[in-house]
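Just below is one structure, and these are the notes that go with it.
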Amino acid sequence: MRLHVVTFGCQMALAEGEELAAPLKARGFTTVDAPEDADAVVLNTCTVRENAEHKALSLIGRLKEWKDARPERVLIVAGCAAERLGDSLRKRFPHVDLVVGAKSIEDYPRVVDEALSARFDALAEGRQAFGADETAVPVGWGSAVSAHVTVMRGCNYSCSYCIVPSVRGRELYRSWDAVLAESAAKVAAGARELVLLGQTVNSWREGDKRFPDLLRAVGALPGLLRLRFESPHPFFMNDDMARAMAETPAARGLLHVPLQSGSDRVLALMKRHYTGAQFLEKAARLRAFLPEIELSTDIIVGFPSETEADFERTLELVAAFKPAWSYTFKYSPREGTEAARTPDDVPAAVKEARLARLNALCDALTADALKARVGTVVEALDEQGGFGRTADGFKISWTGTRAPGRLVKVRVSHAGPRTLRGEAI
Ligand code: 5AD
Ligand code: SF4
């Protein structure tokens, strides 16, 4: 039996793709690259921006033919959009077998089993008769060298543009023991980089333990070479966190710090609880503890009522902050959020033009950071034999040594717009 998993959306959704596949794999499914080759498709949907949701819905629509071709096939829709749309999804797309919302992910294996076990058994019997499984090509999620560990889910904030708190619910923390056990198991299985995940990952706590304690403990696992976490909330980005990173060699390189806007007026409307100046101050403190660190960020343009002057503040702040990477978005109203109650009054063409100006600045900052590495020797974690990432998160390919799962010293000879090239030394 063959399974195809598709994820649209954030890191969290990507990591959950693995969890969503697990109970099916336990029933004997192997993963394949294309839905046409699959007996079951799990579609992991994200709703954080309108765009991701549209893509997911249009794929569900297209999968009707896939299902009609062999009605015994199974289509499962999971994740945040499934949570948000629930029954209406089932009504609009009757060919969907099971809808499992993001809040039910802990229950997911049981739900899948209860709802579909008879179907899976029938599929398995039919398959054995044809013995078609040999053609299945297993695919991984990311590289085997880098693995995700979910640390917490949900969010206790209420940024006014954001649908996450309503589809994910309040913060739930996994236990210290569970996080350490999963991390140790993944390292024992060959992972050399772990990415700790959660909507506000650094708000994790258990008893008197806080996120910095967890970071140190995971960072001390023998064999682990890189430790990342995302997305941290600026509120918990304090000196303790920076100190724990500085004391954990695997965690020193890169941090994603979402800015969202540079205008204090817009930040207040967004309910981000910091001003531009406070954000820069946090970034400066992080860099003081971690002189080698690179920071990446998320920025939204065209939030309701954003003026030209507001947008220019964003450009100024980005120029001062100098993120090595930026993920930029046009604001889209999400139903039920506070911001969606005010008119989406920045015209589409203005949003588009602002996005283009912001992207030009962000791309130039990324290009500067890449160019600054030319001629230097960097340490790359080999993820795929001659391709990997530097400690500060830049993609790099090189000639010479191939050593998947190991650190390779590379002299950088060339910087492209997004990646580095060099020779192993
Ligand atoms: N419109 C545009 N971008 C959004 N994001 C979250 N909600 C919205 C929205 N309604 C962006 C934020 C967040 C990232 C995951 O998605 O920048 O950090
Ligand atoms: Fe959304 Fe804000 Fe929570 Fe991040 S912190 S998930 S942007 S509400």
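Some values worked out for this structure:
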read-out	value
Total charge dipole magnitude, the range 19-63, about the Cα centre, Cβ charges on Lys, Arg, Asp, Glu only, Debye to nearest 20	100
The range 142-196 versus the range 270-287: alpha-carbon centroid distance in Å	24
Which of Y161, Y327 is most accessible, then next, and so on - probe 1.4 Å	Y327, Y161
Euclidean distance between Cα centres, the range 53-94 to the range 8-28, Å	16
Under 5 Å, built H, 5+ apart or other chain: amide partners of T401	A424
Rounded to the nearest 10 Å², the accessible area of H54 at probe 1.4 Å	110
From phi via Karplus (6.51, -1.76, 1.60), per-residue ³J(HN,Hα) for the range 194-199 in Hz, x at Gly/Pro	10, 10, 7, 10, x, 4
Distance from the range 237-253 to the range 344-364 (C-alpha centre basis), Å	34
Solvent-accessible heavy-atom area per residue, rounded to whole Å², over the range 295-401 at 1.4 Å	42
The chain - Cys residues lacking any other Cys C-beta under 4.7 Å	C10, C46, C80, C155, C362
In order through the range 407-414: 3J(HN,Hα) via Karplus (6.51 cos²θ - 1.76 cosθ + 1.60), integer Hz, x for Gly, Pro	7, 10, 7, 10, 8, 7, 10, 8
The chain: relative contact order as a whole-number percent, Cα under 8 Å and 6+ apart	10
The chain shape via C-alpha gyration tensor axes, a/c threshold 1.5	oblate
Size of charge dipole - the range 3-137 - debye, nearest 20, with Cβ of Lys, Arg +1 and Asp, Glu -1, no other charges	500
DSSP-defined beta bridges in the chain - what % are antiparallel, rounded to 5	30
Interchain or long-range residues, amide H under 5 Å from V301's placed H	F329, K330, Y331
Semi-axes of the equivalent ellipsoid for the range 309-405, Cα gyration tensor, largest first, Å	37, 17, 10
Carbon plus sulfur fraction of accessible area for the chain, probe 1.4 Å, in percent	54
Phi-based couplings in Hz for the range 330-345 (Karplus 6.51, -1.76, 1.60; Gly and Pro marked x)	7, 4, 10, x, 10, 3, x, 7, 4, 5, 5, 7, 9, x, 7, 9
Taking the range 309-425 and dividing mean pair separation by its residue count, relative contact order in percent (alpha carbons under 8 Å, at least six apart)	21
Net charge of Cβ neighbours under 11 Å - reference V346; Lys, Arg +1; Asp, Glu -1	-3
Residues whose placed amide H lies under 5 Å from that of L259, excluding near-sequence neighbours	D298
Reach of K67 by Cα under 27 Å, taken over lysines that are not fewer than 8 positions away in the same chain	K25, K55, K91, K103
Average accessible area per residue (Å²) across the range 160-245 - probe 1.4 Å, nucleic acids and ligands excluded	39
Peptides 294-306, 168-180, 31-43 ordered by average Cβ neighbours within 10 Å, highest first	294-306, 31-43, 168-180
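The values are calculated or read from the model by the stated rules, or taken from the named source; none is laboratory data. Because the structure is a prediction, the values reported are computed rather than measured. Note that each Cβ is placed from the backbone with ideal geometry, even for glycine, and that neighbours are counted across all protein chains shown. The area values use the complete protein model at the heavy-atom level, side chains included, leaving out ligands, DNA and RNA. Shrake-Rupley method; radii C 1.70, N 1.55, O 1.52, S 1.80 Å.
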